[in-house]
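Every number here is computed from the coordinates shown, using simple stated rules; none is lab data. Predicted model, so just to flag it, every value in this text is computed and none were measured. Cβ atoms come from the backbone with ideal geometry, glycine included; neighbour counts cover every protein chain shown.
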Amino acid sequence: MDRDSYREQSLRTWGQMAAGWENRREWLVDMTAPVSDWLFGKLDPRVGQTILEIAAGTGDLGFRVAKHVGQLGRVVSTDFAREMIDVARRQGKARGLTNVEYRVLDAESMDIDDDTVDGVVCRFGYMLMADPAVALMETRRVLRRGGDFDDLWDFLVRLAGPLAQVINALPEDEQTATRAAIMANAEPYRNEDGSYTFPASSWCVLVR
């Protein structure tokens, strides 16, 4: 079977499976728990991050991530099959999650800009794709290099004294806007490995 035919068949198949996955969601969650736990631990999601979930199915792993990135963060829950996304959307709504975005997305050709997500999680997805290598290349493309802005933000909100107090006192929407503005302004100082080098000077005074 050629790849295009495989993609068409796969899309039909997983669309048809969606109802069964929703009906037996709790059983699936329990059965896949060891893998989900491992993925979650390796992802190590942090407050404020944007995390992409590929082949999300019923969305449960992404929902777990959403609780850890908080309202300052975002989870983009995606699947090839629209029917699966409909299931995930219903499940997320039932949990009252407001920081999850639901999108029909082909992992082999993602409508996402370069360097826009802090982490990607995919459970049992790549092995079912027509061209896993292309999907992995797309995954690498959308990942931010190094993730070091998360460390910078952590410094600003936890270690930067008066500045940290000012940021933490802001309403959540203003914190989100502030984070985005700082990230944009810091971009010219980002290195190839994702770290930052800012121009600075220190005044040292000796008095006798």
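Of 63, 181, 207, which is farthest along the charge dipole of the chain in the positive direction, counting Lys and Arg as +1 and Asp and Glu as -1 at C-beta? Of 63, 181, 207, it is 207.
For the chain, DSSP calls about 5 percent of its internal beta bridges antiparallel. Under the simplified labelling scheme, the residue 19-residue 128 pair shows an inter-label distance of 1.8 nm, with each label point 7 Å from Cα along Cα→Cβ.
Size check on the range 1-83: the Cα extents along the three principal axes, sorted descending, read 42, 27, 20 Å.
The helix-based estimate of mean residue ellipticity at 222 nm for the chain, built from -39,500 (n - 2.57) per DSSP H run of four or more residues and divided by its residue count, is -16000 deg cm²/dmol to the nearest 500. In a DSSP loop and with at most 12 other Cβ atoms within 10 Å, the chymotrypsin sites (Phe, Trp or Tyr not before Pro) in the range 62-141 are 124. Here the extension length gained between residue 192 and residue 145 equals 16.2 nm, from 0.36 nm per residue of separation less the Cα-Cα distance. Across the range 126-169, counting alpha-carbon atoms alone, Rg and Dmax equal 18.0, 52 Å.
Projected label points at residue 184 and residue 47, each 7 Å from Cα along the beta carbon direction, are separated by 2.4 nanometres. Taking the square roots of five times each eigenvalue of the Cα gyration tensor of the range 87-208, the equivalent ellipsoid has semi-axes of 37, 22, 11 Å, listed largest first. Within the set (1) 17.9; (2) 17.1; (3) 18.9, the number that Kirkwood radius over Cα pairs in Å takes when calculated for this structure is listed as (3). Here the range 141-208 is treated with +1 on each Lys and Arg Cβ and -1 on each Asp and Glu Cβ, and its dipole about the Cα centre works out to around 260 debye. Relative to the globular-protein estimate of 2.2 N^0.38 Å, the Cα radius of gyration of the range 148-189 stands at 1.10. Overall, the range 3-142 carries a charge dipole of about 460 debye about its Cα centre when +1 sits on the Cβ of Lys and Arg and -1 on the Cβ of Asp and Glu, all other atoms neutral.
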